[in-house]
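Trainee: Got a structure for you, questions after.
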Amino acid sequence: MLELSTKTISLSTDGFNHIINITPQLEKFLRESDFVEGTMLVFVPGATAGITTIEFENGLVKDLKDFFEKLVPMNGHYYHNDTWHDGNGYAHVRAAMLKPNLLIPFANKRLCLGTWQQVVLIDFDNRPRKRELVLQLTGKLAFDGSD
């Protein structure tokens with residue numbers, strides 16, 4: 001039988017492409033759970049942040065920030081800004097490209113990530129934010145009673 005567990009974690013971000021390695025929080029949630037095998041859903045509510053995986057090191061963090069600035073520049077014209085006058089049209093476009101969620105398999109109480117792969121939150125908004133991440137485990141418990 002599959003079981004489900006949901007938790008939220010709070011993060012403070014600086015905005016402006018702030019990239020945060022959230023892998024330790026995900027591993028802690030899994031480690032403290034009774035789950036041994038299944039999937040972890042990581043979801044960030046909101047329209048100006050996204051979740052992905054990278055090798056979390058300074059050079060690549062800078063490369064990723066540069067990539068988003070070249071592809072979707074902050075100072076471009078965005079119709080969203082014409083409507084809401086909040087100056088974060090670029091953040092909405094960047095977040096739409098990245099997506100707000102990631103599904104990660106796990107086995108033997110370990111996330112099935114590559115050696116150099118970490119899960120990151122990227123906050124694209126034009127101001128610091130308080131973010132709530134939703135983490136959800138679906139899978140098999142260590143002792144599910146069905147044996």
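Trainee: Residue under question is ASP86, and the condition is that it be at pLDDT below 95, farther than 19 Å from THR8 by Cβ and surrounded by 12 or more Cβ atoms within 10 Å (Cβ to Cβ); does it hold?
Mentor: no
Trainee: Given the criterion modelled with pLDDT of 95 or more, within 30 Å of ARG110 (Cβ to Cβ) and in a helix (DSSP H, G or I), identify the matching residue among LYS70, LYS62. Before the answer, list the steps.
Mentor: Values: LYS70 fails: within 30 Å of ARG110 (Cβ to Cβ).
Just a single option satisfies the conditions, and that option is LYS62.
Residue by residue, here is whether (1) farther than 22 Å from LEU11 by Cβ; (2) part of a loop (DSSP other than H, G, I, E, B) holds:
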{"site": "SER33", "(1), (2)": "no, yes"}
{"site": "GLY38", "(1), (2)": "yes, no"}
{"site": "LEU103", "(1), (2)": "no, no"}
{"site": "GLY114", "(1), (2)": "yes, yes"}
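Trainee: Further, regarding this structure: Can we say LYS7 is basic (Lys, Arg), modelled with pLDDT of 95 or more and out of contact with any helix residue (DSSP H, G or I) (no Cβ under 9 Å at 6 or more places or on another chain)? Talk me through it step by step, then tell me what you get.
Mentor: Values: basic (Lys, Arg): yes; modelled with pLDDT of 95 or more: yes; out of contact with any helix residue (DSSP H, G or I) (no Cβ under 9 Å at 6 or more places or on another chain): no.
For LYS7, the condition - basic (Lys, Arg), modelled with pLDDT of 95 or more and out of contact with any helix residue (DSSP H, G or I) (no Cβ under 9 Å at 6 or more places or on another chain) - is not met.
Trainee: A follow-up question, please. Go through region 114-146 residue by residue and tally those that are more than 13 Å from VAL44 (Cβ to Cβ) and either among the acidic types (Asp, Glu) or under 14 Å from the mean Cα position of the chain (by Cα) (or both).
Mentor: Qualifying residue count, region 114-146: 3.
The values are calculated or read from the model by the stated rules, or taken from the named source; none is laboratory data. As the structure is a prediction and not an experimental result, all values here were calculated from the model. Using ideal geometry, Cβ is built from the backbone for each residue, glycine included, and neighbour counts are taken over all protein chains shown.
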